[in-house]
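S.K.: First, the structure itself, so that you have it in front of you.
The values are calculated or read from the model by the stated rules, or taken from the named source; none is laboratory data. Only a predicted model underlies this, so the values are computations on that prediction, with no experimental measurement involved. Surface accessibility is based on the protein's heavy atoms, side chains included, excluding ligands, DNA and RNA. Shrake-Rupley method; radii C 1.70, N 1.55, O 1.52, S 1.80 Å.
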Amino acid sequence: MIANYYNFSIMCYAIPGKIVEINSRFAVVDYFGEKRNVLNDEQPIKIGDYVYAQGGILVDKVETKEAIKILEFWKRQFFELKKIDRNLSQKAGKQKIEQNTLSLFQKINRSQELSNQEALTLLSLSNRKELELLYKMANNIRQKNNDNACCVHGIIEFSNCCANNCFYCGIRKNLKISRFRMSPEEIINTAQIAVEKYGFKALVLQSGEDPYYTEKILELIIKKIRAMGVLIFLSIGVRDASEYESFYKAGARAILLRFETSNKKIFKRLRPNTSFEKRIKLIKKLKKIGYLIATGFLIGLPDETNQDIINNIILTKKLEADMYSFGPLIPAGGTPLGRQKTADIDLVLKTIALTRIIDHEAKILVTTALETLGTNAKKRGLLAGANSLMLNVTPSIFRKKYAIYPGRPDRNKGIEKNIKSTVNLLYSIGRAPTDLGI
Ligand code: SAH
Ligand code: SF4
C-alpha cells in the first residue's frame, strides 16, 4: 500500500540523492542504487553529500540528517511505486487487431524506426482497441527507458500583459480583459511558499511578453529565487539573447519556449508581427548558452494536418529539446480562433505516444491544456508515454486572470487540493519524483 503522504515539508516532487562520483562539472547521484548523471556548475560538493537534482542539474544541497529522514520515508515507497508502474506498463497480451496495424506495432516493439507513412498511419488510428494498445506500447517504452521517474514543476504566472497578438491566446494584446502584474516581491514570496511550504524544486516563471519586467527586475527576481535552491525555468517569450545571457548568469537554467508550429504559413497567419525564424534561432541560441530547453507546439490549429504534427515532433527533436511541451489548442472566447474546434483527446494522446516511440528517452510534459479535455486526461497522458507535469502555484487572485484559454481545471482549485490530487494520482500509477538525469 502506498501511504497518502501530505507532509509537504518532506518533498513530494524530489528525492534527495547521494553523490557517489565527481568528474569536474559532473557528478553521479545515487537514488537507492540507481545512478544518474547531473551537472554541477555552482555548488561546492564532495562524495557522500546529499543533493537535489532537477532536469539533470544539481540545484541544492541538503543536510545529511534531513536527507536521511526524507529517504527513510521513501525507502519503502520507492520500490513499491516501481512495482505498480512496471505492472501498469507491461505489454498487453495477444490482441486481435488488423494485420497492417499488427505489423506496425511489431515494428515498434522491435524498436525499428518508423517511416513517415507509418507515423501517419499511427496518427490516424481510431479503433479503440488499437489505440489502447498503442498507448500501452508507448508507456512500456517510457518505463523501460526512464523507469518510474516523473518531474513535477511548479508554475507561477506572474503577468497577463502581452505585447503580442497571437490569434489563439486569451491574453493577447487586443483583448479587453482585466490585466495584472505581480510585483517582484509578490513573485518572490510566491516562489518562497512553493519551495518552503510545498517542497517544489523546480519553478517555471511564465508571463506574456511584458517589457515592464526589465532585464534588471528579472535578474533580481531570478537571483532571489535561485538562492532558494530551485531550478528556474523562464517562459517569457522572445527577448534579446543578451538578456537571456544575463538571466543565465543570475541563475536561470531552463527555458520553456514553444515554436508553436513548424508550418511557417500557419505560424505567419496566427502570430502577427512575430517571426518563426527568429523564434527558432533564439531557441538554438538558448541551448548554446547552456539552458535546458522545453519546447513544442499546439495541436489543432486551423489547417493543420497530421503531417504537420509529425514535422512538429521531428523539429522538437532536432532542436535537442530536453523536454517536449505540446498540448491542444483550447479555443479562447473573443480571439480569432474562438470558434475553432478543440482537438480530440485521442489525437493528443496519439501525439504523446508517437513522440515516445520516436524519442525513447524524452521527457514529455502533460500540459494543463490536455487536462481540460477530461477528468482523466492527466492520467491518460501519463499512461500514453508522458512523464512530466506542471502544477500551478500562482495565487488564485492572479491565476483566474491568467486565462490563456478557458476551462482550466486548476483555475478555482486551491493549490493544496491540486497538489494532493496530483500526488495521489502519481502514486496510484507508481510514479516517483526521482530526477531523470542527463
Ligand atoms: N508569452 C509566452 C509564454 C506564455 S504563453 C510565449 O508565448 O511563449 C504559453 C503557451 O500557451 C504558448 O506557448 C501557447 O502554446 C499556449 N497557448 C496560448 N493560447 C492557447 C490556447 N488557446 N490553448 C492552448 N494553449 C495556448
Ligand atoms: Fe502573448 Fe504568449 Fe499569448 Fe502570444 S501566446 S499572445 S506571446 S502570452
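S.K.: Leaving ligands, DNA and RNA out of it, report the carbon-plus-sulfur percent of the accessible area of the chain at a 1.4 Å probe. Mind dumping the intermediate values first?
M.R.: Values: 9360 of 18440 Å².
Exposed carbon and sulfur together represent 51 percent of the surface.
S.K.: Continuing with this model, one more query. With every protein chain kept in place and ligands, DNA and RNA left out, what is the accessible area per residue of the range 297-400? Probe 1.4 Å, answer in Å². Don't jump to the answer; show the numbers that get you there.
M.R.: On the way: 3460 Å² over 104 residues.
With the other protein chains kept in place, the range 297-400 gives 33 Å² per residue.
S.K.: How many angstrom lie between the Cα centre of the range 347-401 and the Cα centre of the range 135-196?
M.R.: 12 Å
S.K.: Another question, then. Skip the ligands, DNA and RNA, and give the accessible area per residue of the range 17-84 with a 1.4 Å probe, whole Å². Mind showing how you got there, number by number?
M.R.: Details: 3390 Å² over 68 residues.
Value returned for the range 17-84: 50 Å² of accessible area per residue.
S.K.: What per residue convex hull volume, in Å³, do the alpha-carbon atoms of the range 301-438 yield? Intermediate values should be presented prior to the final figure.
M.R.: On the way: hull volume 17.1 nm³, N = 138.
Per residue, the Cα convex hull of the range 301-438 comes to 124 Å³.
S.K.: Hey, if you drop one equal point scatterer on each alpha-carbon of the range 138-198 and run the Debye formula without solvent, what base-10 log of I(q)/I(0) do you get at q = 0.21, 0.22, 0.28 Å⁻¹?
M.R.: -0.84, -0.87, -1.12
S.K.: Something else about it: Figure the gain on full extension for R86 and D240 (residue separation times 0.36 nm, minus the Cα-Cα span) and round it to one decimal in nm. Display every interim value, and only then the final one.
M.R.: Working: separation 154, 0.36 × 154 = 55.44 nm, distance 4.49 nm.
51.0 nm is the gain from fully extending R86 to D240.
S.K.: Work out how far the C-alpha atoms of the range 17-84 reach from end to end along every principal axis, then list the three figures in whole Å, largest first.
M.R.: Principal-axis extents of the range 17-84 (Cα, largest first): 36, 24, 17 Å.
S.K.: I've got another one for you. Over the alpha carbons of the chain, what is the largest minus smallest coordinate on each principal axis, giving the biggest first in Å?
M.R.: 57, 53, 40
S.K.: Which pairs in the list K249/K278; K35/K83; K46/K420; K224/K318 are over 27 Å apart, alpha-carbon to alpha-carbon?
M.R.: Values: K249/K278 23 Å; K35/K83 19 Å; K46/K420 35 Å; K224/K318 34 Å.
Violating the 27 Å Cα-Cα cut-off are K46/K420; K224/K318.
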